[in-house]
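Asks: The structure that follows is given in the form of structure tokens.
The values are calculated or read from the model by the stated rules, or taken from the named source; none is laboratory data. Just so it is clear, the structure is predicted and the values come from calculations on it, not from any experiment. Positions of Cβ are backbone-derived with ideal geometry, glycine not excepted, and every protein chain shown enters the neighbour counts. These accessible areas exclude ligands, DNA and RNA; they are computed on the full protein's heavy atoms, side chains included. Shrake-Rupley method; radii C 1.70, N 1.55, O 1.52, S 1.80 Å.
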Amino acid sequence: MRIILLGAPGSGKGTQSQRLIERCHIPQVSTGDLLRAAVAKGTELGRKAKPIMEAGQLVSDEIMLGVIRDRLSEPDAKRGFVLDGFPRNLAQAHALDELLAQLGQPLDAVVVLEVDSEELVRRISGRRTCRRCDRVFNVFTSPPAPGEKCPQTGGSHELFQRPDDKESTVAERLKVYEEKTRPLVDFYAARGILRKLSAEGDVDSVASRLQSVLKDAMKG
Ligand code: AMP
């Protein structure tokens, strides 16, 4: 299965991708995660991407295409993949088409996760990540369970807020989504592979709705 999860920041792409990969055993390809790992390691890519990410802007298409080409050429992506955070604009969508044609791996479906904007802001402002095990929580809706231990340290999770989840950057990220990324909804709808999904409500119910949408899409 080769799918794209589209949606605004905070719509649950990362969380739902995680659920899918546990069930379908295909890799999640999150360009945001790949960039954050590069920033943490201090690689050249990370040094270039850091200020752009912190400003809520998009990293250049040229850089992102290199990142995605390398990642999709890895052996585990031959089984399929869930793209989370890529493509982010029309130029990236066209380039992805070309790349997937070269790899002989056409997309099965594109699912757009729809969440109202007040809820997006609430979800983003509550998001926290454990700096040790990388698990993502939400202090309002899904905090660590009482007494839960970090699998890396055996102690409590060490939660931090992503720098680009600060209020000042979130407005810019939502604006960039509306201007640059939302047009992809029409782009994939015109191909007949777009599915819309209401992504409000708890993680489990969204996951089961996503499962039925994909089942339907895979039938053709
Ligand atoms: P995300 O985790 O998907 O919200 O991505 C975090 C940040 O990484 C974005 O706000 C962008 O600055 C950058 N980024 C992630 N994916 C892309 C992409 N496909 N194109 C450009 N920038 C990206």
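Asks: Anything in the stretch 142-175 that is in a helix (DSSP H, G or I) and under 15 Å from the mean Cα position of the chain (by Cα)? List them, or say none.
Replies: The answer is ASP164, ASP165, ARG173, LEU174.
Asks: Right, another one. Quick one: in the stretch 39-72, of everything that is buried (at least 18 other Cβ atoms within 10 Å of the Cβ) and more than 10 Å from the ligand (Cβ to nearest atom), which residue is farthest from LEU6 (Cα to Cα)?
Replies: LEU45
Asks: For LEU103, state whether it is closer than 25 Å to ALA190 by Cβ and within 15 Å of the ligand (Cβ to nearest atom).
Replies: Here the answer is no, as LEU103 does not meet what is asked.
Asks: Give just the number: which of (1) within 27 Å of GLN57 (Cα to Cα); (2) assigned by TED's automatic domain parsing to the domain that holds ALA207; (3) open to solvent by less than 50 Å² (accessible area, probe 1.4 Å) does ASN138 not satisfy?
Replies: (2)
Asks: Search the stretch 31-61 for residues being within 17 Å of the chain's Cα centre (by Cα) and among the polar types (S, T, N, Q), and hand back the single one that is nearest to GLU178 (Cα to Cα).
Replies: Filtering first and then ranking leaves GLN57.
Asks: Can I ask one more? What number of residues in the stretch 10-23 are out of contact with any Lys or Arg (no Cβ under 9 Å at 6 or more places or on another chain) and open to solvent by less than 50 Å² (accessible area, probe 1.4 Å)?
Replies: Final tally of qualifying residues: 6.
Asks: Return the only residue of SER208, SER198, SER156 being open to solvent by 50 Å² or more (accessible area, probe 1.4 Å), assigned by TED's automatic domain parsing to the domain that holds ALA8 and free of Cβ contacts under 8 Å to residues at least 24 places away in the same chain.
Replies: One residue alone meets the criteria, SER208.
Asks: I've got another one for you. Inside the stretch 98-141, can you point out the residues that are part of a helix (DSSP H, G or I) and within 21 Å of LEU174 (Cα to Cα)?
Replies: SER117, GLU118, GLU119, LEU120, VAL121, ARG122, ARG123, ILE124, SER125, GLY126
Asks: Further question on the same structure: Considering the stretch 81-107 alone, what residues qualify as being modelled with pLDDT under 95 and open to solvent by less than 50 Å² (accessible area, probe 1.4 Å)?
Replies: Across the stretch 81-107, the qualifying residue is only GLN105.
Asks: Separate question: Quick check: is even one residue across the stretch 19-41 at pLDDT 95 or above and more than 29 Å from VAL203 (Cβ to Cβ)?
Replies: Looking through the stretch 19-41, at least one residue is at pLDDT 95 or above and more than 29 Å from VAL203 (Cβ to Cβ).
Asks: Then there is this: Can you find a residue that is within 18 Å of the chain's Cα centre (by Cα) and within 8 Å of the ligand (Cβ to nearest atom) anywhere in the stretch 112-123?
Replies: no
Asks: Residue check, GLN161 against (1) over 20 Å from ASP61 (Cα atoms); (2) more than 15 Å from the ligand (Cβ to nearest atom), all met but one. Which one?
Replies: That leaves (2) as the condition not met.
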